[in-house]
Each structure stands twice: as structure tokens, then as C-alpha cells.
Amino acid sequence: MEKKKSFSFRKLINDVHLWLGLASGIILFLVCLSGSILAFEHEIKAFFEEDLKVEPKGEKLSLNALETKIRQDHAGTLTSVSIPSDQSAPYIFTIKENPEERRGTNLQVNPYTAETLVAGPNPADGFCFFFFRMHRWLLFDSSIGRPIVGVATIFFLILSITGLVLWFPRKLKRKNFKAGFKIKTKANWKRVNHDLHNTLGFYALIFIVIMGITGLCWSFEGYREGLGNLIGTPVFNRSSPEFELPETTTTLDLDAIEEVAARVFPFNGDLNISLPGDRADYFSLRKNHASGWSPVAADRAYIAKNGEVLSVDIFADKPLNVQFASLIKPLHTGEVFGMFSKIIYFLACLIATSLPITGTLIWINKMKKKK
């Protein structure tokens, strides 16, 4: 008579991994598939977007001249100006037609002619938004889809931890670890499928965990606040800093504030100027280093209406916890190191998309073997 196997910790981990995987497999497949596509969202849109590059001719017009032309042609309140470091790229003027608008309308302007460039409809917008809704809300209403995706993400984090435990061989010897680092392509399809799940899952593990930890910030407000408390600084902190503003009756024009920006940030990079408004009665400048380690790590400066520098925040000088909190989104999307990290995230997402499939096949094969 065959001796019954005793229940062990590894068996518990295996059962947790199995049943959580089966329960969330379809959702994780859809979320990871859409995440793979959204890793190159900007590149997909740019490929189908009408080229709005400008041809440099002579000297650029001053910001004041461009602003005057914008105000003549468009109604509303100018809220910000973006000046790219690329000489062939248009400036972006953001205008709000009414105060209730959250972001306003972006106008792409030729800095040499003051002409407003109008792009035709981009067929990739609908394509990318479809997968964005799938990734965030499974195409449901956000109030329904957001918590479902959040719970599935928690399951995925638990699956990652239990999967790592199961990846370790029962006998911790050096030769036993080799199988976990390679795929035995010459074996039968069941063994290849097992190795695809086991080995590729191990290689993608760290990126899956990063995407899961950061992704939960969009699903649960309580988690986002808790993560902020844990690291010691708010996550997605969109509040404007408060300053004791000097009394003044003058406000710098755009040309003058551009000169201040050149003094504060004497390096090449994309510059964004936010004008004083209801939220903050001062200028807010943001500029990234064109040759920096990350395209999303930007320095900031806050300038009073009269040109007095209120504060300068250099990203590299910030504490690590503040840097981490400000990079939550690019850490989740893979933009943190530009194209290099996007490619890695894309491959990790593809692997994550395959894990529910290979895992289910492993379970089916085991069920057949038992029968």
C-alpha cells in the first residue's frame, strides 16, 4: 500500500500558487497583455501621428510675440508654455477656455512663424485608449474595474513570492539550481512549457514585483496613502508648495521669465513654464537634462511674479524616498530610463502575459497524470 504524503510547507505554497493563479489567470492575462502594448504607447501614437516638426528658418520669435499671436487667435487663459530642446519641434502653449477644465487644450506652435499647427486625427488614439481601459479597468466602469484589477494585482504579487519559493529546488545543491536558469528546448513540450513558466517567470520576477507595487497606487487610495506613510513622503503629491510671496504690482512677461529660467537652469533640456493662477500665484518651472540619466527626472524652480527665486529643487539632491515617490509612474510604465527600460518592461510584460497560460497547462498536465 502506497504511503500517504504528509502535508508540508512547500505543498501549502504550491496550493496557494495554484489556486490564486487559476482564480486570477484571465484577468492577469488581459492586464499584462495590455501593459505590453502600452509600454510603447507614445511610440505607437508617434508612428501614426502626422509629423508636426518645424523647419528652422532664421531666428525664433520671442515668447512675448508668440503669446500675443496666440491670444489673438484663441480665446481662453494661457496656463503654461513648453519649450523643447529639439530645434525642429514646435512649442506647446496650453490654454484653458474655462476654469473648470482640468488640463486645457495644447496648441502646437511654430516658433519661427507663430503658426498654430493642427494635426489630423490619429487612428492610434482609439487603439491605445482601448488597451488603457483594459489595463486599468478591464473595459468596465472605473468604479467596478479598478478594484478588480487591484485585487488581481495583489494576487500577482503573492504569486510572484510563492513562485520564487517554488523555483528553489527541494535539495539546495549547486547542480540542482542549473535547471532553474535555462530552458531545456530539446525535451518534450510538457518540460519546455514547465521551463518557460519556471525560468522566464524567475527572470521577469523583479520587474513584475515593481510593476505590481507601483500599480496598486492607482487601484486603492488607502494603499497609496499607506505607501506614502511607509516611505515618509506623499505619493502623487499634486499640491503646490506654499511660499511667503513678496508684495509686488508687476508680473514678469514670458521673455523675462525665460531669462530667469536660463540663469537658474544653465543646461540643455526641455523647459516647461507654468504661469501664476488660482492654485499657485507664482511661476513654476520644470526642466530636464537632455543628457541626464533619466528623461523623466526634472529639476524644478518656483519664481515670484517679480522674478524673485522662491525655491529651486534639484532632483539629484532630493532624498531617495522623495525621488522614488516622484518616479512612481515611470517606474510602473518603464519610462524611467527611456527606451532601454521600456524594452525590458515590454519583455517582462510579455513573459507575465504568458505565465497564466503556461501555468494552466502545467496544472492540466498534472490532472491528466493523476487520472
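Key figures for this structure:
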quantity: Test: residue in segment 204-224 that is in contact with a Gly (Cβ under 6 Å, 6 or more places away or on another chain), outside any helix (DSSP H, G or I) and open to solvent by less than 70 Å² (accessible area, probe 1.4 Å); calculated: yes
quantity: Residue in segment 338-355 that is among the hydroxyl-bearing types (Ser, Thr, Tyr), in contact with a Ser or Thr (Cβ under 7 Å, 6 or more places away or on another chain) and closer than 20 Å to Gly21 by Cα present; calculated: yes
quantity: Where Ala119 falls short, out of the listed (1) small (Gly, Ala, Ser); (2) in contact (Cβ under 8 Å) with a residue 40 or more places away in the chain; (3) touching a helix residue (DSSP H, G or I) at 6+ places or on another chain (Cβ under 8 Å); (4) under 30 Å from Gly35 (Cα atoms); calculated: (3)
quantity: Qualifying position, being in contact (Cβ under 8 Å) with a residue 60 or more places away in the chain, polar (S, T, N, Q) and either in contact with a strand residue (DSSP E or B) (Cβ under 6 Å, 6 or more places away or on another chain) or farther than 30 Å from Asp195 by Cα (or both), among Asn288, Asn306; calculated: Asn306
quantity: Residues satisfying the stated conditions in segment 268-326, i.e. among the aromatic types (Phe, Trp, Tyr) and buried (at least 18 other Cβ atoms within 10 Å of the Cβ); calculated: Tyr282, Phe283, Tyr302, Phe315
quantity: Residues of segment 68-99 classified as closer than 21 Å to Ala262 by Cα, open to solvent by 30 Å² or more (accessible area, probe 1.4 Å), in contact with a strand residue (DSSP E or B) (Cβ under 6 Å, 6 or more places away or on another chain) and not β-branched (Val, Ile, Thr), total; calculated: 1
quantity: Condition check for Gly150: at pLDDT below 95, open to solvent by less than 40 Å² (accessible area, probe 1.4 Å) and over 27 Å from Ile257 (Cβ atoms); calculated: no
quantity: Residue satisfying condition, being out of contact with any helix residue (DSSP H, G or I) (no Cβ under 9 Å at 6 or more places or on another chain) and without any contact (Cβ under 8 Å) to a residue 12 or more places away in the chain, within set Asn176, Asn98; calculated: Asn176
quantity: Filter result (in a helix (DSSP H, G or I) and either aliphatic (A, V, I, L, M) or open to solvent by less than 50 Å² (accessible area, probe 1.4 Å) (or both)) within segment 178-189; calculated: Ala179, Gly180
quantity: Unmet criterion (only one of (1) surrounded by 14 or more Cβ atoms within 10 Å (Cβ to Cβ); (2) closer than 21 Å to Ala256 by Cα) for Leu107; calculated: (2)
quantity: Only listed residue being of a type outside the set (D, E, K, R), open to solvent by less than 40 Å² (accessible area, probe 1.4 Å) and either modelled with pLDDT under 90 or assigned to a loop (DSSP other than H, G, I, E, B) (or both), chosen from Val31, Val54; calculated: Val54
quantity: Failed condition for Leu227, given (1) in a loop (DSSP other than H, G, I, E, B); (2) free of Cβ contacts under 8 Å to residues at least 40 places away in the same chain; (3) under 18 Å from the mean Cα position of the chain (by Cα); calculated: (1)
quantity: Any pair with Cβ under 8 angstrom, 6 or more apart, that starts in segment 57-79 at a residue that is modelled with pLDDT of 95 or more and of a type in the set (Phe, Trp, Tyr) and ends at one that is in a strand (DSSP E or B) and surrounded by 14 or more Cβ atoms within 10 Å (Cβ to Cβ); calculated: none
quantity: Output for segment 34-51, where each listed residue is of a type in the set (Gly, Ala, Ser) and buried (at least 19 other Cβ atoms within 10 Å of the Cβ); calculated: Ser34, Gly35, Ser36, Ala39
quantity: Strands (runs of 3 or more DSSP E) completely within segment 75-174 that count 1 or more residues being among the polar types (S, T, N, Q), within 30 Å of Phe283 (Cβ to Cβ) and in contact with a Pro (Cβ under 9 Å, 6 or more places away or on another chain); calculated: 77-83, 105-109
quantity: Qualifying residue in segment 238-255 (condition: free of Cβ contacts under 8 Å to residues at least 60 places away in the same chain, touching a helix residue (DSSP H, G or I) at 6+ places or on another chain (Cβ under 8 Å) and either open to solvent by 40 Å² or more (accessible area, probe 1.4 Å) or under 29 Å from Lys342 (Cβ atoms) (or both)); calculated: yes
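The values are calculated or read from the model by the stated rules, or taken from the named source; none is laboratory data. Note that the structure is predicted; figures quoted are calculated from it, not measured. Neighbour counts are summed over all protein chains in view; Cβ atoms, including those assigned to glycine, are modelled from backbone coordinates with ideal geometry. To get the accessible areas, we keep the full protein, side chains included, count just its heavy atoms, and leave off ligands, DNA and RNA. Shrake-Rupley method; radii C 1.70, N 1.55, O 1.52, S 1.80 Å.
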